[in-house]
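Everything below concerns the one structure shown next.
The values are calculated or read from the model by the stated rules, or taken from the named source; none is laboratory data. All of these numbers come straight from a predicted model, not from anything done at the bench. Glycine also receives a Cβ, built like all others from the backbone with ideal geometry; neighbour counts cover every protein chain displayed. Accessible surface is based on the protein model in full, side chains and every heavy atom, while ligands, DNA and RNA are left aside. Shrake-Rupley method; radii C 1.70, N 1.55, O 1.52, S 1.80 Å.
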Amino acid sequence: MTGWLGAAYDWVKAAHLIFVIFWMAGLFMLPRYLVYHQEALAAGRTEEAALWVEREGKIRGIILTPALVVVWVLGLALSANIGLFDGSGGLGWLHAKLMLVLLLSGYHGWAVGYAKKLAANRPTLQGKQLRMLNEIPALAVTLIVVLVIVKP
């Protein structure tokens, strides 16, 4: 791929994918942590709930948020390299992907916010609802991968 990234394009793409994997791992883990945290609160196991607060903070600070930032920076660089900001044609798949990544970023923010609610002992969802919301990252990443590989 040519463009302003030149020979670095493949390296930037590889780094982008690596950090997507890290981010997705965190997005699969944090919501599961929230389920366990909420169950501990509901059962009155305050010491266990406090451990979940600590774990959630670590996953956010060490994996989730740093990976999110790197994914966006590298992704926008790759997008610029292939002409997203130049008005190049044939990038409908990329626009759809970016919309899904934006929505997934919003989900990330929601999960972080809900973790903070649980830390304050203010759950607002039922366990079943929380488990259903856990499936959002899997659905989003499935659609994103299809868009990137197939480019419909």
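Report, to two decimal places, the Cα Rg of the stretch 27-139 normalised by 2.2 N^0.38 Å (N = number of residues).
Details: Rg = 17.3 Å, N = 113, 2.2 N^0.38 = 13.3 Å.
It is 1.30.
Would you work out what percent of the accessible area of the stretch 1-92, with all protein chains in place, is carbon or sulfur (probe 1.4 Å)? Numbers along the way, then the final one.
Numbers: 3470 of 5050 Å².
Carbon and sulfur atoms account for 69 percent of the accessible area of the stretch 1-92.
I'd like to check one number: the per residue accessible area of the chain, probe 1.4 Å, reported in Å² as a whole number.
That works out to 57 Å² for each residue.
Could you order Met99, Met132, Met29 by accessible surface area, starting with the largest, using a probe radius of 1.4 Å? Before the final figure, lay out the partial values.
Values: Met99 105, Met132 125, Met29 75 Å².
Of Met99, Met132, Met29, the descending order of accessible area is Met132, Met99, Met29.
Ignoring everything but the protein chains, give the 1.4 Å probe accessible area of Leu68 in square angstrom, nearest 10.
The value for Leu68 is about 30 Å².
Go through the stretch 73-89 residue by residue and turn each phi into a ³J(HN,Hα) via Karplus (6.51, -1.76, 1.60, θ = phi - 60°); whole Hz please, and just put x for glycine and proline.
With coefficients 6.51, -1.76 and 1.60, one gets 4, 5, x, 5, 5, 4, 5, 5, 4, 8, x, 4, 8, 9, x, 4, x Hz.
Using a Förster distance of 25 angstrom, determine the FRET efficiency expected from the C-beta separation of Val112 and Val150, and round it to 0.05. Before the final figure, lay out the partial values.
Values: r = 31 Å, r/R0 = 1.26.
After rounding to 0.05, the efficiency reads 0.20.
Report, to the nearest 10°, how far helix 136-150 tilts away from the longest principal axis of the Cα atoms in the chain, using its own Cα long axis and a range of 0 to 90°.
10
Relative to the first principal axis of the alpha-carbon coordinates of the chain, what is the inclination of helix 92-119, with its axis defined by its Cα atoms, in degrees from 0 to 90 and to the nearest 10?
Once rounded, the angle reads 20 degrees.
Contour minus end-to-end for Leu143 and Ala25, with contour as 0.36 nm per residue of separation and end-to-end as the Cα-Cα distance?
Details: separation 118, 0.36 × 118 = 42.48 nm, distance 1.66 nm.
Gain on extension, Leu143 to Ala25, equals 40.8 nm.
With a sphere of radius 12 Å drawn around the Cβ of Ile63, what net charge do the other residues whose Cβ falls strictly inside it have (Lys, Arg +1; Asp, Glu -1)? Walk me through the intermediate numbers first.
Values: positive: Arg55, Lys58, Arg60; negative: Glu56.
Neighbourhood net charge equals +2.
Please give the solvent-accessible surface of Val70 in Å², to the nearest 10, using a probe radius of 1.4 Å with every protein chain present.
Surface accessible to solvent at Val70 totals approximately 40 Å².
Tell me, how many Å apart are the Cα centres for the stretch 4-18 and for the stretch 20-34?
That distance is 24 Å.
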